[in-house]
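A short reminder: the numbers here are calculations on the coordinates, not readings from a lab. Predicted model, so just to flag it, every value in this text is computed and none were measured. As a convention, Cβ positions derive from the backbone with ideal geometry for all residues, glycine included, and neighbour counts pool all protein chains shown.
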Amino acid sequence: MTRKGEILVREKKKKRGGGVVGCDSDSVIRKKRCGRREKGVRVVPTELYFVCRDVFKGHGTVSLPKDVQRLRCVLDNMKPEDVGLSGDLLFFRPRSIVKGAPRITYTTIYKCENFSMCMFFLPPTAVIPLHNHPGMTVFSKLLLGSMHIKSYDWVYSIKPDDPLLSSQLRLARLKADNVFTAPCNTSVLYPTSGGNIHAFTAITPCVVLDVLGPPYSKEDGRDCEYYRDFHYSEFAGNDTAPKPKDEEHCYGWLEEIEMPKDLGMDGIEYLGPQIIEKSCQRQ
């Protein structure tokens, strides 16, 4: 998607714990001695880390409303420079037309069993298709650019013996279908509400910061599933189709699909302002 110097990151190397740190020489926020911090510098990733550590309690839990508001407040106030980004990067300059679906780049700021913090870099027209976040609370902050976001929630929960499982289509309620431009407020997706199934389409080059708690885990039943959607009217004539209580345009049918073959993603190492995990750094 971009050259190494365009987003201040380099090809990702696997490191245990996910806490990859560092950044370029122009925007570096260096690690300080215990109890000391450079005057005027916001060590935002560290602040975000400590709030996430308090808010997310692990598998099978949902954060309390007051904790959601606390984390949302931190994210609402975040700026691109807080993670080592600026609008004059080469990534945001006009690029020649590339054949095929544009590739997406992602970088992990931090990851543990209870939560993860990552960024996605989308060139114009790039798409992250409809996908879910099972059992997860997700905070999405658009740091740079403009993108179209579409999201759904399931209308009916399904049990293992539910006859609806025999159908390839499930009814979902449309929660968002709008264009968002940075700076804008953080969106929060809950395990069963808020638009847990969503899709991103970049209008301009975009950067999205996602905080997920708990993170994806196939072993714990939190694997990512992909979908395509159909307008409600396309299958409304089916006698078994549930009748919506309000306007039909608020609903759609979702069909689970395999991960799209043209969904190209490249992992790179995070080199923005580092996270300082030592408790003595908390002020």
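Model label points for E225 and Y190, set 7 angstrom from Cα along the Cα-to-Cβ axis, are 2.0 nm apart. One decimal place: the segment C73-E277 gains 71.4 nm when fully extended, by the rule 0.36 nm per residue minus the C-alpha distance. Modelled spin labels at D266 and N178, positioned 7 Å past Cα toward Cβ, are 3.4 nm from each other.
Report, in listed order, any pair from K141/K175; K141/K218; K150/K261; K99/K261; K175/K218; K111/K218 with a Cα-Cα distance greater than 19 Å. Violating the 19 Å limit, Cα to Cα: K141/K218; K150/K261; K175/K218. When V74, V208 are arranged by Cβ crowding within 10 Å, least crowded first, meaning fewest neighbours, the order is V74, V208.
Using the Cα gyration tensor of the stretch 106-151, with a ≥ b ≥ c the square roots of its eigenvalues, what is the shape: rounded (a/c below 1.5), prolate (a/b larger than b/c) or oblate (neither)? Verdict is oblate for the stretch 106-151.
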